[in-house]
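Have a look at the structure below, then the notes.
Read-outs: derived from the displayed coordinates by stated rules, not from any lab. Note that the coordinates shown come from a computational prediction; the quantities given were computed from them, not determined experimentally. Using ideal geometry, Cβ is built from the backbone for each residue, glycine included, and neighbour counts are taken over all protein chains shown.
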Amino acid sequence: MVKLRADIDGCGCVRCQAVDGTVLQRSVTDSLRWSGRLVADRPSILALLLGVGFVQLLALVGPTEFELAGAILGVAGVFLARGYIGVLGRETLADRNPSAASTLLTVLGRFPAFAGAAVLVVALLGSSGLFVARVLSQPTRAALQAAGVGTFTTEVVVLFVVAATVLYLLLKFWFVPEACFVGGYSPVGALRTSWRLTTVHRRKAILVVAGFALLLGVGILLDTRLADPESPIALTFRYGETTVVLRSFGLSFAGGVRFAFDMGVTALYSGVFVHQYVSGVFDA
């Protein structure tokens, strides 16, 4: 495990936590190259992602009522893979060579803590978004309408504020999976650790998350250009008169190219996340 120094009894230096010291000098670009080598050297990573995709596909090609189950399986499976890559990457940074089976067992043992943390994050995101939408947005609506701003523009501004609030919290909790799987933290401890890491390393965290968001945008572009319009939708929700379409996080079955793209992005960026988490722990 790799934890913040304040959470360790005794020395929390790089040597005592068994981490390659060069990790602290690598840039985000260097960590992306390292992640690529990790995926190339560990075929079990892609095998696990393919397995997750196969299980999710079985749910999505079934009856319509299974779509939500497919979305949940997709989310759980991708984060399971992210945890697997995280633990495997952490061991690689310590110059160890664990088996795929032992790594998977470690991840499964820590998955309940991550599930608890995920519930807390979702609850915080939902309550915060609801609070902004229903409480703080009323003065905003009144001020905009008093200034003669149309209803449509007012709703767009309110939606932007809600989205900005949710995105800010997502950024602060971005390293919760690594805190659970790599650091071995409890649900509450994982939220605290991620918040601290993204506060101390704000620029790096924003850069990493922005790059990941950009790649997700490319995935949406692939959906609109290459995807089968009849491909299953995992989940949708409505905000006012707007329907927002969600596909399962990380892996989409909107087409072969889209699936391969999502799998590659998930594999590579999971390595970047664990690399940045480990490097950030020693400075936080």
I need the peptides 185-194, 171-180, 76-85 ranked by packing, meaning the mean over residues of other C-beta atoms within 10 angstrom, with the highest value on top.
171-180, 76-85, 185-194
Sorted by mean Cβ packing within 10 Å, highest first, what order do the peptides 30-37, 267-274, 11-18, 158-165 take?
267-274, 30-37, 158-165, 11-18
The rounded separation in angstrom of the Cα centers of the range 1-36 and the range 267-284 is 8
